[in-house]
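Okay, so here's the structure we're looking at.
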Amino acid sequence: MRASLLSLLLLLPLLNGCGAGESGPQPEPLILIPAGFPAMPTPASNQFTPERIALGKRLFYDTQLSRTREVSCGSCHLADRGFADPQQTSAGVEGRRGERNAPTLANLAWNTSFFWDGGVPTLEQQAIVPIINPLEMDMTMTELVARLQTDPTYPEQFRAAYGDAPNPDLVTRALAAFVRTLVSGNSRYDRFNRGDRSALTPQEQKGMEMFFNEKADCFHCHVGFNLTNNGFANNGIFPTYPDSGRARVTENPRDRGRFKVPTLRNVALTAPYMHNGGIATLEEVVERYNRGGVHPSADAQIHPLNLTAEEIAAIVAFLGALTDEEFIHNPAHRP
Amino acid sequence: MRLALPALLLLLLLVGCGTDGTPQPPGSSDTAAILVPLRFNPVVNGAPFHLDSLYTTTHGVPFRVSKLCWYLSRVELVDSTGTAAPVTLCDSAGHALPFGVHMVRADSAHSMAVYMRIYPGSYRGINFGIGVPGTTVSDTLNHSNASIHPYPLNVDADMYWGWKAGYVFFKIEGTSTVNDTALTFFYHIGDDARYVVRSLQTPFTVQRSAPRSVEVRMNLAQLFVSPTDNTASPNLGSASSSERLGMGGPLADNMTRNMRFNDVFSLVP
């Protein structure tokens, strides 16, 4: 990303009750879109309001969403970890283990598909899955809605947000509204791109150069404002893929071992890595890529990179510069 | 599951139709549509089917079914001129079903019948779909957000994939016995390409004065027949995990083909 916009942040014009030509104090923007980011796509049926975001945040951190009241969305998507999970696979109700590593939630508003195999097209539909997955919350929508309807304050909060009592549709819409506010775009890398040449160390700048050149070749997949092409790739890192990956959705054998290309924003915080959480450190990730693919169906661009130890260290340092401290510590994102 | 037709399900309910778009067959002088049960009667090679009972596939593999459910949709009646027209599916009270979709569940005798709002007259046959249409009134029903739908398209109906935005069209689970070893099988068949359209051509007449249900027999044994070789795999005994890819896999493809072309479904004269 080479945007050199002067402004640090653009204000998304999601202003409540703000008619054209209206004078007086301007309302606080509901969400800040970083410079260089495209407009945020939001469904017409789920436009932002403060009430919807607040409701979604409450639900996100509420363990009532799980059958045993043990876990919430926030149990596996930790702000300190870039809204990912430091465990290889997350613990659901009664200690049940999921099958894949919990990915970051940063910038999901711009995602075009969800989950490691991309089977779900919207955030609203995505929100259904962890609730009903037996390995995660193991809940039914019927029971969840019953809990919310008998809660002393949820019904009123739902009506304020959506004009109706709790129901499955509104649960998913509220959760999606909150998750869309998890926007990360103010890392040192972003500040460097906006003109602050002191934002990156010389080593990080070297790593950035490697990241975006043909030798390290990271940018073919990790590209654009969110450092992902939103595609699916077999990175060839593992010799076998017991998890069918994208093939589960497409039923195309060629998609076996292909998984969604994740954003690299806050990647230094989101270890362990890959769909299975099978790699513990960024150093090992880059070293694995440096060796080239070991799987016969690895994508064509996976090949030995012949990076030196110094170059690997620089790339890892650059990846560390993708951490967005403002995002991580934003109180609006926390319970 | 009771295979005998309860008298109540034969009850024809007069409804005040005629202006609701329900097609009227040629020659019919009736001015009011009626509710006629469309009943599915599962069997295994002629034997009454019951959940958890022991049966044998045509390949000689013993099996028991613990769960069987599937979506019925896009029902049409074919009139005496060969013209097919959509039928409004209703519940027993005459309320139209959302999107014209009904779930048939082997654990619910009530669900084995759904009601068609039709005119008395002569018909040549019936067409129906197995699954949730990928394109319908809302254009993308199969891939829509299940949290907005009532039963049977809701999340808790146990037919929504979740990990993929879509529905299981046809679900059959159970155990088979191979070399004295009980193996579980579970086939969850879905995806737009596996939506089945079945046309059953057997003439029947619907008379206001002599009510009857329209009965479709469903022979489960025909599900497990190889469409190309009656003696070859796949069958339940050989089914491996690799045959259950994603929304079905190769054996599910065979089941789909059997539902389309074999004698899984037949219209009882």
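The values are calculated or read from the model by the stated rules, or taken from the named source; none is laboratory data. Model, not experiment: these values are computed from the prediction. Heads up, the Cβs are rebuilt from the backbone with ideal geometry, glycines too, and the neighbour counts pull from every protein chain shown.
Give me the pairs: first residue in segment A:218-242 and assigned by TED's automatic domain parsing to the domain that holds A:Leu319, second residue assigned to a loop (DSSP other than H, G, I, E, B) and among the basic types (Lys, Arg), beta-carbon distance under 7 Å, and six or more apart or on different chains, which are they?
From residues that are assigned by TED's automatic domain parsing to the domain that holds A:Leu319, the pairs are A:Asn226/A:Arg265; A:Leu227/A:Arg265; A:Phe232/A:Arg246; A:Phe232/A:Arg258; A:Ala233/A:Arg258; A:Asn234/A:Arg258.
Has segment A:265-276 got any residue that is basic (Lys, Arg) and either touching a His at 6+ places or on another chain (Cβ under 9 Å) or buried (at least 21 other Cβ atoms within 10 Å of the Cβ) (or both)?
Checked segment A:265-276: at least one residue is basic (Lys, Arg) and either touching a His at 6+ places or on another chain (Cβ under 9 Å) or buried (at least 21 other Cβ atoms within 10 Å of the Cβ) (or both).
Only one residue in B:Ala157, B:Ala182, B:Ala165, B:Ala109 is hydrophobic (A, V, I, L, M, F, W, C) and in contact with a His (Cβ under 8 Å, 6 or more places away or on another chain). Which one?
B:Ala165
Inspect all residues belonging to segment A:194-206 and state whether any of them is among the basic types (Lys, Arg), in a helix (DSSP H, G or I) and surrounded by fewer than 21 Cβ atoms within 10 Å (Cβ to Cβ).
Yes: one or more hits.
Considering segment A:88-114 alone, what residues qualify as being within 12 Å of chain B (Cβ to nearest Cβ), in a loop (DSSP other than H, G, I, E, B) and within 30 Å of A:His329 (Cβ to Cβ)?
Selection gives A:Gly98, A:Arg100, A:Ser113.
In segment A:57-66, what count of residues is obtained for those that are more than 16 Å from the chain's Cα centre (by Cα) and either modelled with pLDDT under 95 or assigned to a helix (DSSP H, G or I) (or both)?
Looking only at that region, the number is 5.
Got a sec? Which of A:Asn276, A:Asn226 is within 23 Å of A:Pro296 (Cα to Cα) and more than 14 Å from every other protein chain (Cβ to nearest Cβ)?
A:Asn276
Condition first: out of contact with any Phe, Trp or Tyr (no Cβ under 9 Å at 6 or more places or on another chain), over 26 Å from A:Asn290 (Cα atoms) and either at pLDDT below 95 or not acidic (Asp, Glu) (or both). Now tell me which residues in segment A:190-218 satisfy that.
If the condition is that a residue be out of contact with any Phe, Trp or Tyr (no Cβ under 9 Å at 6 or more places or on another chain), over 26 Å from A:Asn290 (Cα atoms) and either at pLDDT below 95 or not acidic (Asp, Glu) (or both), then A:Arg191, A:Phe192, A:Asn193, A:Arg194, A:Gly195, A:Arg197 are the ones that fit.
Determine whether A:Asn235 is within 22 Å of the chain's Cα centre (by Cα) and more than 18 Å from A:Val120 (Cβ to Cβ).
Judged against the criteria, A:Asn235 is a match.
Which ones in segment A:123-179 are among the polar types (S, T, N, Q) and more than 10 Å from every other protein chain (Cβ to nearest Cβ)?
A:Gln149, A:Thr150, A:Thr153, A:Gln157
Please note which strands (runs of 3 or more DSSP E) are completely contained in segment B:111-192 and include at least 1 residues that are buried (at least 20 other Cβ atoms within 10 Å of the Cβ) and within 14 Å of chain A (Cβ to nearest Cβ).
B:168-178, B:181-190
Only one of these conditions is not met by A:Ala280: (1) surrounded by 15 or more Cβ atoms within 10 Å (Cβ to Cβ); (2) in contact with a Pro (Cβ under 7 Å, 6 or more places away or on another chain); (3) not acidic (Asp, Glu). Which number is it?
Against the list (1) surrounded by 15 or more Cβ atoms within 10 Å (Cβ to Cβ); (2) in contact with a Pro (Cβ under 7 Å, 6 or more places away or on another chain); (3) not acidic (Asp, Glu), A:Ala280 comes up short only on (1).
Could you tell me which of the residues A:Glu283, A:Glu251, A:Glu287 is under 28 Å from A:Ala109 (Cα atoms) and either at pLDDT 95 or above or within 14 Å of chain B (Cβ to nearest Cβ) (or both)?
A:Glu251
What's the total number of residues in segment B:193-212 that are free of Cβ contacts under 8 Å to residues at least 24 places away in the same chain and either crowded, with 16+ Cβ neighbours inside 10 Å or within 14 Å of chain A (Cβ to nearest Cβ) (or both)?
The number of residues fulfilling the criteria is 1.
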